[in-house]
Amino acid sequence: MSQLTRIPDPDGVFPATAYTHVVLGTGQFVAISGQLALDAGGELVGPGDPAAQARQVFRNLRYCLAAAGADFDDVVKLTYFVTDTAFMPAVRAARDEFIDPERLPAASAVQVAGLVAPEFLLEIEALAVIAER
């Protein structure tokens, strides 16, 4: 595991409550492409249900991180793309099932007009730093 430092409240910036403002570390950089709510068979999980879709997306992120020898403790940044910001409480609840709320990464949330297909409500990408191999 890499050495990460989280700074949730840098001087002069309003303290973060659902993310960390700054995360820094040393090690090998890992970029995980935006993940959708598809199971291993390519089927949509949770049609019309942002909470179910978010849980599947975090499962997919976990699988992708594991493939790189990483886990959620190594994540330095999440970017959320949602078709409606009203989904963010469900996304955060799902995130908290996978990531320790005391060790949150930096994050950005972007409302988009649409994703690759209309049945997808959200997409999440991750950046991580792991120990050099």
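The set of residues in segment 121-133 that are surrounded by 19 or more Cβ atoms within 10 Å (Cβ to Cβ) and part of a loop (DSSP other than H, G, I, E, B) contains only LEU121. As a summary of the residue check, PRO89 satisfies the conditions (1) in contact with a Leu (Cβ under 8 Å, 6 or more places away or on another chain); (2) part of a helix (DSSP H, G or I); (3) within 18 Å of ALA16 (Cα to Cα) except for the one numbered (1). From the set of residues in segment 90-111 that are more than 12 Å from PHE58 (Cα to Cα) and exposed (fewer than 13 other Cβ atoms within 10 Å of the Cβ), which is farthest from the chain's Cα centre (by Cα)? By that ranking, first place goes to GLU102. Within segment 53-81, residues that are on the phi > 0 side of the Ramachandran plot sit with their Cβ atoms under 7 Å from residues that are part of a strand (DSSP E or B) and buried (at least 18 other Cβ atoms within 10 Å of the Cβ), at 6+ positions apart or across chains, in these pairs: GLY69/ILE130.
Of the candidates ALA66, ALA18, ALA54, the single residue that is of a type in the set (A, V, I, L, M, F, W, C), assigned to a helix (DSSP H, G or I) and in contact with a helix residue (DSSP H, G or I) (Cβ under 7 Å, 6 or more places away or on another chain) is ALA54. Screening ASP49 against (1) under 17 Å from VAL110 (Cα atoms); (2) surrounded by 13 or more Cβ atoms within 10 Å (Cβ to Cβ) leaves a single unmet condition, (1).
Residues in segment 4-45 that are loosely packed, with under 15 Cβ neighbours inside 10 Å, touching a residue at least 24 places away in the same chain (Cβ under 8 Å) and among the aliphatic types (A, V, I, L, M): ALA18, VAL22, LEU24, ALA31. The selection criterion, being closer than 19 Å to GLN111 by Cβ and modelled with pLDDT of 95 or more, holds for LEU78. All conditions but one from (1) charged (D, E, K, R); (2) in contact (Cβ under 8 Å) with a residue 40 or more places away in the chain; (3) under 26 Å from THR26 (Cα atoms) apply to GLU102; the one that does not is (2). Picking from residues in segment 102-113 that are modelled with pLDDT of 95 or more and not in a strand (DSSP E or B), the one that is nearest to VAL23 (Cα to Cα) is PRO105.
Applying the set (1) surrounded by 15 or more Cβ atoms within 10 Å (Cβ to Cβ); (2) among the acidic types (Asp, Glu); (3) more than 16 Å from ALA126 (Cβ to Cβ) to ASP74 leaves exactly one unmet item: (3).
The values are calculated or read from the model by the stated rules, or taken from the named source; none is laboratory data. Remember, it's a predicted structure, so these values are computed and weren't measured experimentally. For neighbour counting, all protein chains shown are included, and Cβ atoms are generated from backbone atoms with ideal geometry for every residue, glycine included.
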